[in-house]
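Each value in this text was obtained by applying a stated rule to the coordinates, not by laboratory testing. Being a predicted model, the structure only gives us computed values, none of them experimental. Virtual Cβ from ideal backbone geometry, glycine too; neighbours counted across all protein chains shown.
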Protein chains: 4
Amino acid sequence: MSVLASLRDDVLAANLELARRGLAPETFGNASAIAREEGLVVIKPSGMPYDALRAEDLVVTDLVGRVVDGTLRPSSDLATHLVLYHAFAGIGGVVHTHSHYATVWAQAGRAIPCLGTTHADYFRGDIPVTEVMEPSEISSRYEENTGHMMTRRFEGLDPAAMPAVLVAGHGSFCWGIGVADAVHTATMLEMVARLAFDTVTLAPIATPISGALLDTHFRRKHGPAAYYGQPGGA
Amino acid sequence: MSVLASLRDDVLAANLELARRGLAPETFGNASAIAREEGLVVIKPSGMPYDALRAEDLVVTDLVGRVVDGTLRPSSDLATHLVLYHAFAGIGGVVHTHSHYATVWAQAGRAIPCLGTTHADYFRGDIPVTEVMEPSEISSRYEENTGHMMTRRFEGLDPAAMPAVLVAGHGSFCWGIGVADAVHTATMLEMVARLAFDTVTLAPIATPISGALLDTHFRRKHGPAAYYGQPGGA
Amino acid sequence: MSVLASLRDDVLAANLELARRGLAPETFGNASAIAREEGLVVIKPSGMPYDALRAEDLVVTDLVGRVVDGTLRPSSDLATHLVLYHAFAGIGGVVHTHSHYATVWAQAGRAIPCLGTTHADYFRGDIPVTEVMEPSEISSRYEENTGHMMTRRFEGLDPAAMPAVLVAGHGSFCWGIGVADAVHTATMLEMVARLAFDTVTLAPIATPISGALLDTHFRRKHGPAAYYGQPGGA
Amino acid sequence: MSVLASLRDDVLAANLELARRGLAPETFGNASAIAREEGLVVIKPSGMPYDALRAEDLVVTDLVGRVVDGTLRPSSDLATHLVLYHAFAGIGGVVHTHSHYATVWAQAGRAIPCLGTTHADYFRGDIPVTEVMEPSEISSRYEENTGHMMTRRFEGLDPAAMPAVLVAGHGSFCWGIGVADAVHTATMLEMVARLAFDTVTLAPIATPISGALLDTHFRRKHGPAAYYGQPGGA
């Protein structure tokens, strides 16, 4: 199977998984993947219901967003995905969701504090939130500027250790080595966002876990000293 | 198929969809549609469980609420629907629900603030709530006066840009070009109501999104400059 | 079919419905019915999982709680049910649940205020909560005294207009003409308890609806002037 | 069937039940059982999805954690389980979960107060939470030290009357005579944690139930004077 055909399958599976897990209610969400050597991106078409989606509906574009294959319009968030692919050289897939609790934190304009080891297993620190956009950033090239809000927020942050961001007043974006990883991160983001939401409801001044605990948990699952899971496993 | 037969099918499908989506627990909800040229309204019969509902159970009335076809009593909320059809000339369907979060805002007597783009995609501003009814408005023609509470609240508002309203202490009404649109709006109202509920729980003084962001999102989906979805699509 | 056989069927169906609706998690709940002329009560056996329950497992007792048919122990709450049957002459069925939101109000020791018409359709006013039991009431005849806590709370209240009560620190009891009505009331109690819970979370000093609105909604569904539903219907 | 084969079946069933009940989202959870005479423990392999788990995937270790049967790595939490088996002589099974509400209390660093009889039926008093771990306890032998945090917290407590503990900033551990009991306790812990969470949301200074009521309910279900359920039943 060609790289592109394989990528189409991955992107279709990722979009269906977003819907199946309830992370993208209605048509609020999209997944894409990039073939860097070929200079191609595969993305969900705009506004299409997940239950009708087929591999041949997916849209293939080049890295500046020109459609090179497909008869449908690409997701209106394509320009945002492209900014992320340009800025984060190590990522192969991006997903955007309006999953409930992640969106609640985004609407509140608050980063998600690291209050437990569930969080530390996936995200090395607080999950950041962008600044609010200026009217001039909204009135022109809105989707592209949404991408710039995120990459600006990531100055000094490592997208491999922090594979998600909240867009203030909007929703969330996640990424990963492949698009399936990005979907898994979106799943964990929602779980962690819900845990943190209820924790601060119960204890408004809950203390984040220590740096020592954060590092131990993150390193149990990631990097050369990982000992969680099976050798060679996911 | 005649206009009326087609309308019956739409109203049956809309009522079943309300139940299927959990927007009308027990028998708390109803959907209707209007054939303006024929001067007829099709509505759910009163107090009937959704799982037993058939197209022939639906009640057809004229525009002052007299039954012209059907052996069952129409929904006790018929008079409310009729007031909306008279006041909002552009609408073809109305749904009433007691969906959980919309009802919570209605019971709290609070409009739903526009705290994110999910909201802005469907509702151009805060979703309004009626005043509390006076005893004299309740003791006589209660259902009709419920309609007047809503239309009075809409003085100066455009029902096409704000297709929903909360009735204080009660529940919500939504409308649209057709009854299927009204059901879709009721679905989005519940989603937006839940997002706003949790957002103000997390951040009691959360700031509404800017007018620029509100307008951009609403216009992405509605009106001549819309670019979300596929050309000619829903 | 004999009165008793019919009652067994009703009580089995009621217990299964409690489980199916999630009102009685694990084995936390039970339903009973009374045949007043025969002086018999049919009740769930103690601690039995709902999915294994058969009509022949149900226990038949007389009105002082002596088993007259059945090989299993009756629910440990039998004595509570019997107190209610003695005190409220018009009821034919009783259900006890630990449904989530009703139990939350009971644990908080707060009556459920009437904050909306959904509540008023079923309960004519605030849903009362008992006093906390004294140690002497707990150490002996605990279950019987639980019943007395409720009937004492109902001095001056009409059990036909208020078919439910919260037991402080414990859970809820509902009743009705028949046991199916009691199950339906338990369903509505949970719905209303959840609506009120979220309403006071959003608006801690939310105002109860007016007496005029309360009466209009209760009378739409109950009594000689009811006009909700179909004539002769449920 | 050998003791070990039987234990494998129990541990497989327990892990699957954790997943089925939503107590162990993703791979966040594990169950083990001990054969004390044989000096063997059976535990879930690390990081393995529940839906792929088979009895032969389970790992058998001795009481110091050396694998004696199985080709996969044992759960990274094995050392924690072993500390509990050493400290609590009467237990035969242990489960670890990240179930939502129990984790919320753990992240808040708060014990779960006994606010109702549902709680008292299973846990004789407040469900304790450990201290926060020191960096030196985290940097070396982290999982073993997690176990020591729990057993230190249980000085003066009876693990038979209090079969669960919260680990601050992490999750919960439950135990029982057998691993099926431990799973049932984890189910009740989550139910009780959710009830208490919403109760303190509604009434931040809610009063715990009296010692008299706590004892009566616990003794109805446990010990020589128990009268809940059927004689000889579970």
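With the Cα gyration tensor of chain B giving a ≥ b ≥ c as the square roots of its eigenvalues, does the rule (a/c under 1.5 for rounded; else a/b larger than b/c for prolate; else oblate) give rounded, prolate or oblate?
Prolate is the answer for chain B, as a/c is 1.5 or above and a/b outweighs b/c.
If you plug each phi of region C:137-146 into the Karplus form 6.51 cos²θ - 1.76 cosθ + 1.60 with θ = phi - 60°, what whole-Hz ³J(HN,Hα) values come out, in order, with x for Gly and Pro?
Each residue of region C:137-146 in turn: 7, 8, 6, 9, 6, 4, 5, 5, 5, 4 Hz.
Residue by residue, what Karplus-based ³J(HN,Hα) values in Hz, rounded to whole numbers, does region C:103-118 have, using 6.51, -1.76 and 1.60 with θ = phi - 60° and x for Gly and Pro?
Those phi angles translate into 5, 4, 5, 5, 5, 7, x, 10, 5, 8, x, 8, 9, x, 6, 4 Hz.
Taking the label point as lying 7 angstrom from Cα along the Cα-to-Cβ axis, what are the distances from B:Ala212 to the corresponding position in the remaining copies, in ascending order and in nanometres?
Ordered by increasing distance: 4.8, 4.8, 6.7 nm.
With both bridge residues required to lie in the protein assembly as shown, what share of the DSSP beta bridges run antiparallel, to the nearest 5%? Intermediate results must be reported in sequence, preceding the final value.
Values: 104 of 108 bridges.
For the protein assembly as shown, the DSSP antiparallel bridge percentage is about 95.
Test of the criteria: in region C:5-37, which GluC sites (Glu not before Pro) are in a DSSP loop and have at most 10 other Cβ atoms within 10 angstrom of their Cβ?
Details: sites: C:Glu17, C:Glu26, C:Glu37; in loops: C:Glu26, C:Glu37.
For GluC sites (Glu not before Pro) across region C:5-37 that sit outside H, G, I, E and B with at most 10 neighbouring Cβ atoms in 10 Å, the list reads C:Glu37.
Under a point-charge model restricted to the Cβ atoms of Lys and Arg (+1) and Asp and Glu (-1), what is the dipole moment magnitude of the protein assembly as shown relative to its Cα centre, in debye to the nearest 20?
Charge dipole, the protein assembly as shown, about its Cα centre: 460 debye, nearest 20.
I'd like the antiparallel share, as a percent to the nearest 5, of DSSP beta bridges with both residues in region D:3-221.
Percent antiparallel among DSSP bridges in region D:3-221 is about 95.
What's the center-to-center distance, using Cα atoms, between region D:45-81 and region C:1-20 in Å?
Answer, in whole Å: 47.
What is the Cα coordinate range of the protein assembly as shown on the first, second and third principal axes, sorted by size from largest, in whole angstrom?
85, 85, 46
Determine which chain A residue has its Cβ at minimum distance from the rotation axis mapping A onto D, giving the value in whole Å.
Nearest Cβ to the rotation axis, residue and whole-Å distance: A:Thr201, 5.
Over what distance in Å are the Cα centres of region A:165-220 and region A:92-125 separated?
4
Compute the acute angle (0 to 90°) between the alpha-carbon long axis of helix C:78-87 and the principal axis of greatest extent of the alpha-carbon atoms of chain C; round to the nearest 10°.
60
Taking a ≥ b ≥ c as the square roots of the eigenvalues of the Cα gyration tensor of region A:100-234, is the shape rounded (a/c under 1.5), prolate (a/b larger than b/c) or oblate?
Details: a/c = 2.12, a/b = 1.39, b/c = 1.52.
Oblate is the answer for region A:100-234, as a/c is 1.5 or above yet b/c matches or exceeds a/b.
Within region B:37-73, list the residues whose amide N lies under 16 Å from a label point set 7 Å along Cα→Cβ of B:Arg20.
Counting only backbone N, you get B:50-55.
If you put a point 7 Å past Cα along the Cβ direction, how far is that point for D:Gly22 from the same point in each other copy, in nm, smallest first?
Label point to label point, same position, other copies: 0.6, 0.6, 0.8 nm.
Which of the chymotrypsin sites (Phe, Trp or Tyr not before Pro) found in region C:205-234 are in a DSSP loop and have at most 14 neighbouring Cβ atoms, other than their own, within 10 Å?
Passing sites in region C:205-234 are C:Tyr227.
Would you mind listing the distances between the A:Arg36 label point and the same position in each other copy? Use 7 Å along Cα-to-C-beta, nm, one decimal, shortest first.
Computed spacing set for this position: 5.7, 5.7, 8.1 nm.
Determine the shielding of peptide C:96-107 by partner chains: average, over its residues, the number of Cβ atoms on other chains within 10 angstrom of each Cβ.
For peptide C:96-107, the averaged partner shielding equals 5.
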